[in-house]
Amino acid sequence: MKAVRRCVFCGGTAGSLEHAWPKWLQKWMNPNNERRVVQMPTGNVVDNHGWDVATHRHVCEQCNAWMGNVYEGPASALIRTLNTEHATFTLSPADQLLLANWAYKTSLMLECTKVAGPGVERGECVRFRNSGRPPSDCSIIFGFCDHNALAYHRSLITGEREQRIGYATTMVVGRLFFHILGDTRSLNPHDRLFASHFSGRQIARLYPGTGHPVAWPLAGYFTKDAVEALANFTDSPFEFIT
Ligand SMILES: [Zn+2]
């Protein structure tokens with residue numbers, strides 16, 4: 001007998017078709033549905049023909065609707081604006097939390113597209129659904145990239161005895177990049193890693209929130225190579241395919 005698949009967020013009956021790369025995003029980045037390469041969590045490359053790349057059925061109808069109402073709707077306008085050339089904008093602390101949650105949620109959903117099943121423990125999905133924010137030992141930054149892509153990469157950080165001590169996720173959405181770092185060894189690991197970049201204001205921290213507004217555009221941007229270097233800092237190989 002086939003086991004009933006349970007929603008990763010609430011434990012209800014799963015089966016709702018979830019677009020881990022949101023459909024609005026795929027349509028917006030490729031309005032004419034031309035052949036376009038998308039970099040998948042598995043490292044595979046697929047065409048996004050039909051705007052149906054990266055789907056899974058690990059969520060229920062209610063949780064799918066919740067993601068749409070709480071995150072996709074509000075974040076889509078913001079992400080479009082930030083991707084627009086010469087856009088000037090002030091990101092409020094609430095905007096920053098929305099972007100952080102959107103990136104974190106999208107990362108959880110992209111992990112669910114893996115053939116072996118979700119690469120994140122169900123308990124973390126449940127915690128996120130209930131708390132409405134990333135974990136307290138997680139740091140999320142973002143910036144602008146001179147390379148337009150849809151790409152995702154996640155690597156685990158292991159210690160000397162291969163014990164898991166964290167993870168690093170790089171997500172590129174158009175010309176925005178997000179970097180999500182979970183590191184149980186220290187608070188605010190990005191502050192340590194990118195102290196010089198923070199002072200140059202080329203990146204902004206979304207989570208934990210600073211409580212201050214962020215002026216957009218930032219003072220500088222990342223090149224394609226710099227984003228690759230960021231993704232590779234855990235010695236896990238990543239390079240843009242296009
Ligand atoms: Zn659910």
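Brief remarks follow.
- Unmet requirement for residue 38, which otherwise passes all of (1) within 15 Å of the chain's Cα centre (by Cα); (2) within 16 Å of the ligand (Cβ to nearest atom): (2)
- Complete set of residues in the range 98-140 that are part of a helix (DSSP H, G or I), surrounded by fewer than 19 Cβ atoms within 10 Å (Cβ to Cβ) and without any contact (Cβ under 8 Å) to a residue 60 or more places away in the chain: 123, 124, 127, 130, 131
- Strands (runs of 3 or more DSSP E) wholly inside the range 152-242 containing at least 2 residues that are in contact with a Phe, Trp or Tyr (Cβ under 7 Å, 6 or more places away or on another chain) and either modelled with pLDDT under 85 or within 24 Å of residue 112 (Cα to Cα) (or both): 164-183
- Residue list for the range 1-35, restricted to those being within 20 Å of residue 124 (Cα to Cα), more than 10 Å from the ligand (Cβ to nearest atom) and within 21 Å of the chain's Cα centre (by Cα): 18, 19, 20, 21
- Odd one out for residue 54, checked against (1) among the small types (Gly, Ala, Ser); (2) more than 14 Å from the ligand (Cβ to nearest atom); (3) at pLDDT 75 or above; (4) more than 19 Å from residue 120 (Cβ to Cβ): (4)
- Residue match in the range 131-145 (condition: at pLDDT 90 or above, within 15 Å of the chain's Cα centre (by Cα) and among the β-branched types (Val, Ile, Thr)): yes
- Flag for residue 134 being closer than 30 Å to residue 30 by Cα, touching a Phe, Trp or Tyr at 6+ places or on another chain (Cβ under 9 Å) and not small (Gly, Ala, Ser): yes
- The lone exception for residue 74 - which of (1) in a helix (DSSP H, G or I); (2) in contact (Cβ under 8 Å) with a residue 24 or more places away in the chain; (3) within 16 Å of the ligand (Cβ to nearest atom) it fails: (3)
- Subset of the range 146-165 that is within 19 Å of residue 111 (Cα to Cα) and over 16 Å from the mean Cα position of the chain (by Cα) - its residue that is surrounded by the most Cβ atoms within 10 Å (Cβ to Cβ): 157
The values are calculated or read from the model by the stated rules, or taken from the named source; none is laboratory data. All figures in this text were calculated on a predicted structure; none of them were measured in a lab. Cβ coordinates were reconstructed from backbone atoms using ideal geometry, including for glycine residues, and neighbour counts include every protein chain displayed.
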